[in-house]
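What follows is a single structure, written as structure tokens, with notes after it.
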Amino acid sequence: MKKAFKEEINWIDEYHQGVRYGLEGKLILEESTPFQKITIYETKRYGKALLLDDCWMTAEKNEQYYHESLIHPALCGSKKIENILIIGGGDGGSARECLRYHEVKSVDLIEIDIRVIELSKEYLPKIGGNAWSDSRLNLKVKNGIDWVKNTKDNSYDVIIIDGADPIGPSKELYKYSFLKDCKRILKQEGILATQSESPESFHQIHLDIIKILRQIFDYADPMYGSVSIYPSGLWSWTFASMEKPTYMNPIESRVKEISDKCLIWSEQWQKGAFNTIPAFIKRELANK
Ligand code: SPD
């Protein structure tokens, strides 16, 4: 017999510019740290998920779309990949993807909020996976801005910026002064990779990130893909370098090393993703 009333369905939504992006599931934990509100939610569709300040950050069955896109163009393209810096990324997904490469000798992961690390390890352990026990990982609970400021010139082969949206504690990670400092601590042949928001739902921020990177570096190119849990689903990552952009041309031996382990990323996928710049973004970038 049909039930006379609906079973209780819980939804959690990220609200952004008059639109809400929601998933059905149940709340596991919510806490406030000195930096932000952290929520762990068990979603019906994508497994356990992490939200910071009510914005979707990552989910077990969706995270590859984001982490593979952020990491592999830089790590497959950079001449050397011995010393890597990750700013943010406390869920461990970016570190996990970097550590797939045998050439990587050390990954400094600088996360400001220890609770992001602890709760990710406890509730979303698959996202960090083997990275948490890899001896090449140097985990530091510190402010990423200060870390970059206090690091000496030419220290890293690749810098990854895996921050939350440029609101709240992550705001500084998208500013000229921080990115200029990143360039200083990056080796001449190195690559910087940052998440660069959605051209649709974070239109102006997206443009600003690319423009700032183009002021600082000789080359900066956005790449587009989808992360279905983020506002609009359409997402971007931007790569920058001082030398001819090798992030466009993956090194064959590296492609071989990681391809089997990737859900989304492939050389072919990457090529397409760099070529899907929306026409309006291309026009707006051309109008300086
Ligand atoms: N709107 C969400 C942007 C989040 C970018 N960072 C996600 C962290 C995953 N490691």
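Quick rundown of the values:
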read-out: Scope the range 29-42; condition surrounded by 14 or more Cβ atoms within 10 Å (Cβ to Cβ) and touching a residue at least 24 places away in the same chain (Cβ under 8 Å); matching residues; value: T33, F35, Q36, I38, T39, I40, Y41
read-out: Out of I40, I86, sole residue that is farther than 22 Å from F178 by Cα, assigned to a strand (DSSP E or B) and within 16 Å of the ligand (Cβ to nearest atom); value: I40
read-out: Residues within the range 221-249 that are open to solvent by 20 Å² or more (accessible area, probe 1.4 Å), in contact with a Gly (Cβ under 9 Å, 6 or more places away or on another chain) and closer than 18 Å to N275 by Cβ, tallied; value: 6
read-out: Selection count where residues are open to solvent by less than 10 Å² (accessible area, probe 1.4 Å) and closer than 19 Å to K187 by Cα, scope the range 71-100; value: 14
read-out: Unmet criterion (only one of (1) farther than 26 Å from G18 by Cα; (2) open to solvent by less than 10 Å² (accessible area, probe 1.4 Å); (3) in a helix (DSSP H, G or I)) for T194; value: (3)
read-out: Pick from the range 50-77, criterion small (G, A, S) and out of contact with any Lys or Arg (no Cβ under 9 Å at 6 or more places or on another chain), ranking: farthest from the ligand (Cβ to nearest atom); value: A74
read-out: Residue match in the range 207-217 (condition: more than 16 Å from the ligand (Cβ to nearest atom), open to solvent by 10 Å² or more (accessible area, probe 1.4 Å) and part of a strand (DSSP E or B)); value: no
read-out: Any pair with Cβ under 7 angstrom, 6 or more apart, that starts in the range 54-67 at a residue that is within 14 Å of S236 (Cα to Cα) and touching a residue at least 12 places away in the same chain (Cβ under 8 Å) and ends at one that is crowded, with 24+ Cβ neighbours inside 10 Å and of a type in the set (S, T, N, Q); value: Y66/T58; H67/S94
read-out: Some residue of the range 124-133 being within 30 Å of M242 (Cβ to Cβ), hydrophobic (A, V, I, L, M, F, W, C) and either away from the ligand (no atom under 11 Å from the Cβ) or at pLDDT 95 or above (or both); value: yes
read-out: Extreme residue, nearest to the ligand (Cβ to nearest atom), among residues of the range 153-180 that are in a loop (DSSP other than H, G, I, E, B) and more than 16 Å from I110 (Cα to Cα); value: D165
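The values are calculated or read from the model by the stated rules, or taken from the named source; none is laboratory data. Quick caveat: nothing in here was measured; it's all calculated off a predicted structure. Methodologically, a virtual Cβ is constructed for each residue, glycine included, from the backbone with ideal geometry; neighbour enumeration extends over all protein chains shown. When the accessible area is computed, the model is the full protein with side chains, heavy atoms only, and any ligands, DNA or RNA have been set aside. Shrake-Rupley method; radii C 1.70, N 1.55, O 1.52, S 1.80 Å.
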